[in-house]
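Heads up, the thing below is written out as structure tokens.
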Amino acid sequence: MRTFFVFVIALTATSLAAAQPQGTKAPAPVHYVRCGALVQPESGKVQKNVLIAIQGERITEVRENAGNPSGNVTDLSAYTCLPGLIDTHTHVLLQGDITAADYDEQLLKQSTAYRAILATRSVRRALEYGFTTIRDLETEGAGYADVDLKKAINNGIIPGPRMRVATRAMDVTGAYPLSGYSWEIDVPHGVQVVDGVEGGRKAVREQISFGADWIKVYSDRSYFVRPDGVLDDIPTFTLDELRAIVDEAHRQHHKVASHAMALNGVHNSVEAGVDSVANGIYITDSDLKTMAQRGIFYVPTIYVGEYVAQGRAAAGAKVWLDMLKIHEDTFRRALNAGVKIAFGTDVGGFDWAIDPAVEFRYMVKYGMTPAQAIRSATSSAAELLGMQNDVGSIAPGKYADIVAVKGDPLADVGVLEHVDFVMKGGEIYKSAGH
Ligand SMILES: [Zn+2]
């Protein structure tokens with residue numbers, strides 16, 4: 001303790017001495033954003049005529065009914081401002097896969113380099129749609145290209161959101177595409193194929209060493225509706241395997257995202273202690289209760305189901321149409337059970353030309369208030385990502401990640417599909433009125 005104390009004082013004294021005498025480094029100039037209204041997601045309250053002061057990348061002050069300051073002011077008095085939106089389930093390296101053929105084509109005919117070039121467009125679109133932070137949940141066969149995209153964004157090479165990346169994801173032998181090819185041909189897989197407890201631990205260590213922020217697992221496959229209406233599945237990993245993966249990730253202070261659509265996949269994920277369950281078309285009441293108790297997040301990805309259902313049903317898999325109704329019922333039960341819900345869309349599973357903010361309308365259609373839906377994509381999503389000190393609300397100390405829309409998103413959440421202004425870290429990427 002004592003040694004540490006002395007050390008801190010010495011450091012402070014040094015930095016003061018270094019900073020003051022010459023006065024070479026002037027503090028960053030203050031930039032103001034004036035908002036006609038500002039939505040504070042945590043309280044659901046709307047403040048009127050708000051002045052946000054920004055220095056460098058961060059917000060220094062938020063004042064209501066403030067007069068005009070001197071200096072650089074961005075006037076959004078005709079707009080409603082919100083914190084930058086957060087999508088906790090994206091695939092920037094995927095460009096839509098309604099059918100297996102769409103998916104196979106991307107893995108077989110496109111090089112990782114070409115896919116990364118397409119992904120630079122996906123991340124730019126994400127930012128322009130108003131998503132200033134994303135959790136990208138695996139590259140679908142493009143290796144660690146998500147780590148490179150994140151690096152290029154952080155280094156200012158290309159515009160894009162703040163990224164948390166899951167790299168390659170994991171699934172067991174025989175469970176994940178590409179599949180159905182001759183046994184004589186070696187085809188690529190959309191995941192890292194991982195078997196066994198030791199294999200799981202090793203894969204976690206490997207992915208983290210190459211830059212994974214999150215570990216992603218696929219926990220089930222081969223869905224079918226039972227006569228009693230329950231969506232059943234074949235679980236992929238055994239509970240022991242899942243537990244080992246989760247334990248190894250948590251031991252290294254990383255979180256685990258599980259793709260789990262149905263009965264066994266969700267149950268095993270919850271039992272193994274994952275941090276979020278994505279998709280969750282069917283979840284039992286008892287698993288919802290456990291999720292609420294343990295603070296496991298539900299990331300429902302509603303719209304993508306609607307998007308792929310018709311195409312997949314036409315290709316012979318009618319189960320995708322049945323799943324829409326089951327999903328709505330699960331979402332309503334999760335809301336009632338008090339499960340934490342974070343906004344996530346699976347964009348990339350659908351075309352990046354579609355604004356993922358379309359998900360808000362479905363969340364409201366399935367029973368959320370607009371305020372709850374907005375919270376899921378701001379303060380709740382920030383909590384899931386462990387970024388609540390940096391993003392998710394507009395407050396002093398946080399990054400100046402601000403979006404603005406015409407109209408009132410608390411009355412019509414659909415206005416979030418038309419974001420007119422985007423600022424990330426104090427820099428404007430989309431200007432109002434253009
Ligand atoms: Zn996904």
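Only a single item in (1) in contact with a helix residue (DSSP H, G or I) (Cβ under 9 Å, 6 or more places away or on another chain); (2) more than 16 Å from the ligand (Cβ to nearest atom); (3) farther than 22 Å from Leu94 by Cα is not met by Phe297, and it is number (2).
Please tell me if Gly44 is modelled with pLDDT under 90 and surrounded by 10 or more Cβ atoms within 10 Å (Cβ to Cβ). Judged against the criteria, Gly44 is a match.
Residues that are modelled with pLDDT under 95 and within 16 Å of the ligand (Cβ to nearest atom) do not occur anywhere in segment 273-285.
Residues are listed down the side, and each one gets a yes or a no for (1) at pLDDT 80 or above; (2) within 28 Å of the chain's Cα centre (by Cα):
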| position | (1), (2) |
| --- | --- |
| Phe4 | no, no |
| Pro27 | yes, no |
| Ser70 | yes, no |
| Leu93 | yes, yes |
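For segment 44-55, the count of residues that are within 16 Å of the ligand (Cβ to nearest atom) and in contact (Cβ under 8 Å) with a residue 24 or more places away in the chain is zero. Val8 meets each of the listed conditions (1) modelled with pLDDT under 95; (2) surrounded by 12 or more Cβ atoms within 10 Å (Cβ to Cβ) apart from (2). When segment 328-353 is filtered for residues that are more than 22 Å from Thr290 (Cβ to Cβ) and either free of Cβ contacts under 8 Å to residues at least 40 places away in the same chain or more than 15 Å from the ligand (Cβ to nearest atom) (or both), only Ala353 remains.
If we scan segment 205-212, do we find a residue that is within 16 Å of the ligand (Cβ to nearest atom) and farther than 30 Å from Asp322 by Cα? Checked against the condition, which is being within 16 Å of the ligand (Cβ to nearest atom) and farther than 30 Å from Asp322 by Cα, segment 205-212 yields at least one hit. Contact map, segment 86-101: residues that are closer than 17 Å to Val277 by Cβ and acidic (Asp, Glu) paired with residues that are part of a loop (DSSP other than H, G, I, E, B) and away from the ligand (no atom under 13 Å from the Cβ), Cβ distance under 7 Å, separation 6+ or inter-chain. Pairs shown: Asp87/Phe343.
Met323 passes every criterion in (1) within 16 Å of the ligand (Cβ to nearest atom); (2) more than 25 Å from Gly96 (Cβ to Cβ) apart from (2). Within segment 271-283, the set of residues being surrounded by fewer than 24 Cβ atoms within 10 Å (Cβ to Cβ) and free of Cβ contacts under 8 Å to residues at least 40 places away in the same chain comprises Glu271, Ala272, Gly273.
When Asp228, Asp233 are checked against the criterion of being in contact with a Ser or Thr (Cβ under 7 Å, 6 or more places away or on another chain) and either surrounded by fewer than 24 Cβ atoms within 10 Å (Cβ to Cβ) or modelled with pLDDT under 95 (or both), Asp233 stands alone in meeting it. Filter segment 343-383 for residues that are in a loop (DSSP other than H, G, I, E, B), of a type in the set (A, V, I, L, M, F, W, C) and open to solvent by less than 20 Å² (accessible area, probe 1.4 Å) and give the result. Phe343, Trp352, Ala357, Met368, Ala377, listed by residue number.
Report, ordered by the first and then the second residue, all pairs with beta carbons closer than 9 Å, sequence separation of six or more or different chains, a first member in segment 126-147 that is closer than 14 Å to His189 by Cα, and a second member that is assigned to a helix (DSSP H, G or I) and of a type in the set (Lys, Arg). Close Cβ pairs satisfying both conditions: Thr139/Arg115; Glu140/Arg115; Gly141/Arg115; Ala142/Arg115. Filtering segment 389-434 to residues that are farther than 28 Å from Ala353 by Cβ, open to solvent by 20 Å² or more (accessible area, probe 1.4 Å) and in contact with a Ser or Thr (Cβ under 7 Å, 6 or more places away or on another chain) leaves only Pro396.
Among the candidates Ala260, Ala244, the residue that is more than 16 Å from the ligand (Cβ to nearest atom), more than 21 Å from Tyr144 (Cα to Cα), in contact with a helix residue (DSSP H, G or I) (Cβ under 7 Å, 6 or more places away or on another chain) and open to solvent by less than 20 Å² (accessible area, probe 1.4 Å) is uniquely Ala244. Pairs meeting the criteria (first residue in segment 305-327 and under 14 Å from Ala262 (Cβ atoms) and in contact (Cβ under 8 Å) with a residue 12 or more places away in the chain, second residue open to solvent by less than 50 Å² (accessible area, probe 1.4 Å) and among the β-branched types (Val, Ile, Thr), beta carbons under 8 Å, at least 6 apart or on different chains) are Gly305/Ile281; Trp320/Val308; Met323/Ile281; Ile326/Ile281; His327/Ile281; His327/Ile302.
The values are calculated or read from the model by the stated rules, or taken from the named source; none is laboratory data. No experiment lies behind these values; they were computed from the predicted model shown. With ideal geometry, Cβ positions are generated from the backbone for all residues, glycine too; neighbour counts draw on all protein chains shown. For the accessible areas, the whole protein counts, side chains as well, though only heavy atoms, and no ligand, DNA or RNA atoms are used. Shrake-Rupley method; radii C 1.70, N 1.55, O 1.52, S 1.80 Å.
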